[in-house]
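For reference, the structure discussed in these notes is given below.
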Amino acid sequence: MPPSLTLRPEHVLLIRQFLIHEKRSRADLVQATGWTRRTVALRLSELLGLGWLAPAEVPSPTGQPGRPATLFRLMDERVLVLVTLFDWKVFTSALVTLRGRVVRESTVRFDLADGPMTAARVAAGQADAMVRAVRLQRTDIVTAVVGLPSPVEDRAKVLNPRLSQWRHSVVGDEFRGALGTSVLTENDANLMALGEFADHPECTCLFVRVGGGGIGLGTVIRGQLHRGLRNLAGELGRVPMRMDCGSTPRLLLRDVASTPAILAHARSLGIEVSTVAQLGRFAEQGNPAAIAALRRAGTELGRAMIPITEALAPHHISIGGVAVLFDEHLLGAFRSELQPALHPVLSESLSIRSSPSHLYAAARGATALAAEKLLPAPPRA
């Protein structure tokens, strides 16, 4: 049976300790909480009974001689978050523990133009298939997080004008009905930025998401997402570009650096490519057209990020999506354009890298949101 979600503030305080530390002894918890040993023992007993905790398999060597201290662990594999991450033509679902470990994932083709009702039904089908594969139950999914390539208002209204099928629906309601659980909706780049922050605490983190229909920017400052007016912050793909286009109307960044734009530019240079994988093979073979298409995207991304980076002075910038596959070309051009334009001290200190898995970053960010909802921090005195 999945754990009971009936928790008191003191239970939440203990569970949060297990989100930080994989295993804890009674003595560890006494020191962390300031409670008496009796109080800690009572709360541990309650959480064991509710199904949130279990004895850890490995005894601690730090207990009294002859009496190793018993360690406890969070039963996070029985408290699963369903993360559903949409791009324009594909979506990836994952079952993730509260500690951010991906238990199972599945990727299917799906066109966002089919609308939220169809998307919710497909997500529910993928969730059922995944829980069966790991021999769990749908009731082990305690909440779902839906990541979309669009700003999402507080009431889960999609604000991307190109997603006309989604703009008149409350996305959370559609998914809640199909999945039978609570639902959080968030911009995909925001989820990835939260995931990067989880791996780089105390940093100001920016995550540039190069996607199939646009480019998003997630920003975490002092541990908090910067969402802006009506959650519209981060629409990097809408930034106008100053390019030598003659009489051509001014282009937006998404017109030159999104995945479809990169593929279209490669085709204009004389190579037939329809997928990122094909472009990757050409680039690995040293094809100049493939490399030129990637480098142009990296250069324009870097140029667009100069004023943002100067204004925010972040510690860390990650790029996810197509850049992951072409680190030496797109990311190299991004660095070459961005870093020389920055204040020298910022340029020397700034960490820039590609994200090894934007799904992992999104999963980490989604579990942080889920934990905030399921295990709210106690109010400050």
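The values are calculated or read from the model by the stated rules, or taken from the named source; none is laboratory data. Since the structure is predicted, the reported quantities are computational estimates derived from the model, not experimental observations. Please note: Cβ atoms are built from the backbone with ideal geometry, for glycine as well, and neighbour counts cover all protein chains shown. We work out accessible area using only protein heavy atoms, side chains counted, and drop any ligands, DNA or RNA first. Shrake-Rupley method; radii C 1.70, N 1.55, O 1.52, S 1.80 Å.
Worth a mention:
- None of ARG155, ARG227 is assigned to a loop (DSSP other than H, G, I, E, B), out of contact with any Leu (no Cβ under 9 Å at 6 or more places or on another chain), open to solvent by 10 Å² or more (accessible area, probe 1.4 Å) and modelled with pLDDT of 90 or more except ARG227.
- Which listed residue, of ARG121, ARG167, is open to solvent by 70 Å² or more (accessible area, probe 1.4 Å) and touching a residue at least 24 places away in the same chain (Cβ under 8 Å): ARG121
Residues are listed down the side, and each one gets a yes or a no for (1) modelled with pLDDT of 95 or more; (2) surrounded by 24 or more Cβ atoms within 10 Å (Cβ to Cβ); (3) under 13 Å from SER355 (Cα atoms):
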| site | (1), (2), (3) |
| --- | --- |
| ASP188 | no, yes, no |
| GLY195 | no, yes, yes |
| CYS203 | no, no, no |
| LEU206 | no, yes, yes |
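- Cβ-Cβ under 7 Å pairs, at least 6 apart or on other chains, the stretch 8-22 side within 17 Å of ASP199 (Cα to Cα), far side of a type in the set (S, T, N, Q) and crowded, with 18+ Cβ neighbours inside 10 Å: none
- Cβ pairs under 9 Å, 6+ apart, first in the stretch 179-205 and part of a helix (DSSP H, G or I), second open to solvent by less than 20 Å² (accessible area, probe 1.4 Å) and among the charged types (D, E, K, R): ASP188/ARG209; ALA189/ARG209; MET192/ARG209; ALA193/ARG209; LEU194/GLU186
- Complete set of residues in the stretch 126-152 that are open to solvent by less than 10 Å² (accessible area, probe 1.4 Å), assigned to a helix (DSSP H, G or I) and among the small types (Gly, Ala, Ser): ALA127
- Residue within the stretch 334-356 that is part of a helix (DSSP H, G or I), at pLDDT below 90 and among the aliphatic types (A, V, I, L, M) present: no
- Close contacts from the stretch 34-49, counting a first residue that is touching a residue at least 24 places away in the same chain (Cβ under 8 Å) and within 15 Å of PHE18 (Cα to Cα) and a second that is open to solvent by 40 Å² or more (accessible area, probe 1.4 Å) and aromatic (Phe, Trp, Tyr), with Cβ to Cβ under 9 Å and a gap of 6+ residues or different chains, come to ARG43/TRP35.
- On inspection, GLY270 passes the criterion of being of a type outside the set (Phe, Trp, Tyr), in contact with a helix residue (DSSP H, G or I) (Cβ under 6 Å, 6 or more places away or on another chain), open to solvent by 20 Å² or more (accessible area, probe 1.4 Å) and not in a helix (DSSP H, G or I).
- Hits in the stretch 86-106 (condition: in a strand (DSSP E or B) and open to solvent by less than 10 Å² (accessible area, probe 1.4 Å)): PHE86, PHE91, SER93, ALA94, LEU95, VAL96, THR97
- First in the stretch 268-294 and on the phi > 0 side of the Ramachandran plot, second anywhere and outside any loop (DSSP other than H, G, I, E, B) and at pLDDT 90 or above, Cβ under 7 Å, 6 or more apart: GLY270/ALA289
- Checking each residue in the stretch 74-85 for being surrounded by 18 or more Cβ atoms within 10 Å (Cβ to Cβ) and of a type outside the set (Ser, Thr, Tyr) picks out LEU74, MET75, ASP76, ARG78, VAL79, LEU80, VAL81, LEU82, VAL83, LEU85.
- For ARG303, the conditions (1) of a type outside the set (Phe, Trp, Tyr); (2) part of a helix (DSSP H, G or I); (3) out of contact with any Asp or Glu (no Cβ under 8 Å at 6 or more places or on another chain) all hold with the exception of (3).
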